[in-house]
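A.B. asks: Have a look at this one before I ask anything.
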Amino acid sequence: MKAKELIKEIQKLPVRKRIYIIERSMHLIRKQEEESQMKQAVNDLYDDYLTDKELTAFTNLDFENFYETR
């Protein structure tokens, strides 16, 4: 379905359903944008995490037992 046809069909709906479609669409667009930004950040930093020991220094502690002090 082309955009113009889709818009015509949406215009036939009651206002409440049109608002729902807009809100849901905006939510999905934001979610996709956030995921895209996160993937880009991962790609940008991947080489740094492989080569920069300061960024991964604390990962040596990952498998040690942790005891909370009270």
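A.B. asks: Heavy atoms only, probe 1.4 Å: what % of the accessible area of the chain goes to carbon and sulfur, would you let me know?
C.D. replies: Details: 4260 of 7580 Å².
The C+S portion of the solvent-accessible surface of the chain is 56 percent.
A.B. asks: Where does helix 15-51 land angle-wise versus the long Cα axis of the chain, in degrees 0 to 90, nearest 10?
C.D. replies: 30 degrees
A.B. asks: Of the labelled options (1) 0.99; (2) 0.93; (3) 1.37, which one gives Rg/Rh (Cα atoms, Kirkwood Rh) as computed for this structure?
C.D. replies: The value matching this structure is (3).
A.B. asks: Shifting gears a bit: Suppose R0 equals 35 Å; then what is the FRET efficiency for L45 and E23 from their Cβ-Cβ distance, rounded to the nearest 0.05?
C.D. replies: Details: r = 33 Å, r/R0 = 0.94.
It comes out at approximately 0.60.
A.B. asks: If R0 is 35 Å, what FRET efficiency do you get for M38 and L6 from their C-beta distance, rounded to 0.05? All intermediate terms of the calculation are to be shown ahead of the outcome.
C.D. replies: Values: r = 29 Å, r/R0 = 0.83.
Approximately 0.75, to the nearest 0.05.
A.B. asks: Quick one: accessible area per residue over the chain, 1.4 Å probe, rounded to a whole number of Å²?
C.D. replies: Values: 7580 Å² over 70 residues.
I get 108 Å² per residue for the chain.
The values are calculated or read from the model by the stated rules, or taken from the named source; none is laboratory data. Everything numeric here is computed off the predicted structure, so don't read it as measured data. Cβ: placed from backbone, ideal geometry, glycine included. Neighbour counts: every protein chain shown. Side chains are part of the model used for accessible areas, which takes the heavy atoms of the whole protein and leaves out ligands, DNA and RNA. Shrake-Rupley method; radii C 1.70, N 1.55, O 1.52, S 1.80 Å.
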